[in-house]
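Notes to accompany the following structure.
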Amino acid sequence: MDYRLMTIPDIIRNMQQILVIHGGDAFETHEEYIRSLEGMEISLERMKQQNWKSNLQKDLGEQYEVFTPKFPNAQNARYEEWKIIFEKVLPLLDENSILIGHSLGGIFLAKYLSENEIRKSLKATFLISAPYSTPDHEPIVDFTLNTSLSDTGNTGDGIYIYHSKDDIVVPYEDAEIYKRELPNAVLEVFEDRGHFNQDHFPELVEAIKEL
């Protein structure tokens, strides 16, 4: 390809686009939400802290374009509100984009993909520390999965499930349930990453580059 003939928009369109959906909390009642706020520990150091999501663009390099939109009310999230924003973002993405969901963002993707058809092709989908929630299994308000994951449609070349055995936020058993529900998914098991709140995520960077 003769790059001298390419315009700046052409070059941008040839970047691998990645959409990262962050985590959050969901509460059954406003009172539960208030109690959570009252029990929250505030740290100035944590306010300055970066994580792998904010560093992913730098770690992947300029051949990639990473988007990390802020979804509504992350501290007291509602699926329907996130769905509205997600469906505004989807048409803006190129074909063969990569979707990544961390924690609540992971079950959001699992739920959306099992209930809706994405007509645009995807390259891959990553579920990182995603909780598994059904009406009979620790329901998470309206993020609860009501449709069999066997109905999950377009996920690109596959689903990649990342979970650490020492995660104290989302139990490792949830990853095993996802794997049973999605037998063709790739399960990557870690021993000491907790809820994946570290500054960098080299294994994810490598996996994306190998797609």
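The values are calculated or read from the model by the stated rules, or taken from the named source; none is laboratory data. Only a predicted model underlies this, so the values are computations on that prediction, with no experimental measurement involved. Here the Cβ positions follow ideal geometry from the backbone for every residue, glycine too, while neighbour counts run over all protein chains shown. These accessible areas exclude ligands, DNA and RNA; they are computed on the full protein's heavy atoms, side chains included. Shrake-Rupley method; radii C 1.70, N 1.55, O 1.52, S 1.80 Å.
What about I84, is it closer than 20 Å to L145 by Cβ, of a type in the set (A, V, I, L, M, F, W, C) and open to solvent by 10 Å² or more (accessible area, probe 1.4 Å)?
It is true that I84 is closer than 20 Å to L145 by Cβ, of a type in the set (A, V, I, L, M, F, W, C) and open to solvent by 10 Å² or more (accessible area, probe 1.4 Å).
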Residue in region 142-150 that is surrounded by 18 or more Cβ atoms within 10 Å (Cβ to Cβ), more than 19 Å from G23 (Cα to Cα) and of a type outside the set (S, T, N, Q) present: yes
Contacts under 8 angstrom Cβ, first residue in region 147-165 being closer than 13 Å to Y178 by Cβ, partner at pLDDT below 85 and buried (at least 20 other Cβ atoms within 10 Å of the Cβ), 6 or more apart: I159/T152
Some residue of region 73-81 being within 28 Å of T134 (Cα to Cα), open to solvent by less than 70 Å² (accessible area, probe 1.4 Å), more than 15 Å from the chain's Cα centre (by Cα) and touching a residue at least 24 places away in the same chain (Cβ under 8 Å): yes
Selected residue (criterion: nearest to the chain's Cα centre (by Cα)) from residues of region 188-202 that are of a type in the set (A, V, I, L, M, F, W, C) and buried (at least 16 other Cβ atoms within 10 Å of the Cβ): F196
Residue within region 100-110 that is out of contact with any Leu (no Cβ under 6 Å at 6 or more places or on another chain), surrounded by fewer than 20 Cβ atoms within 10 Å (Cβ to Cβ) and hydroxyl-bearing (S, T, Y) present: no
Which numbered condition Y64 fails, given (1) under 20 Å from S103 (Cβ atoms); (2) modelled with pLDDT of 95 or more: (1)
Search result, residues across region 166-211 that are basic (K, R) and touching a residue at least 12 places away in the same chain (Cβ under 8 Å): K179, R193, K209
Count of region 119-139 residues which are open to solvent by less than 40 Å² (accessible area, probe 1.4 Å) and within 16 Å of the chain's Cα centre (by Cα): 11
Of all residues in region 149-167 being at pLDDT below 95 and in a loop (DSSP other than H, G, I, E, B), the one that is nearest to the chain's Cα centre (by Cα): T155
Test for V205: is it in contact with a His (Cβ under 7 Å, 6 or more places away or on another chain), open to solvent by less than 70 Å² (accessible area, probe 1.4 Å) and outside any loop (DSSP other than H, G, I, E, B): no
Any hit, region 175-184, residues being basic (K, R), open to solvent by 70 Å² or more (accessible area, probe 1.4 Å) and over 23 Å from V66 (Cβ atoms): yes
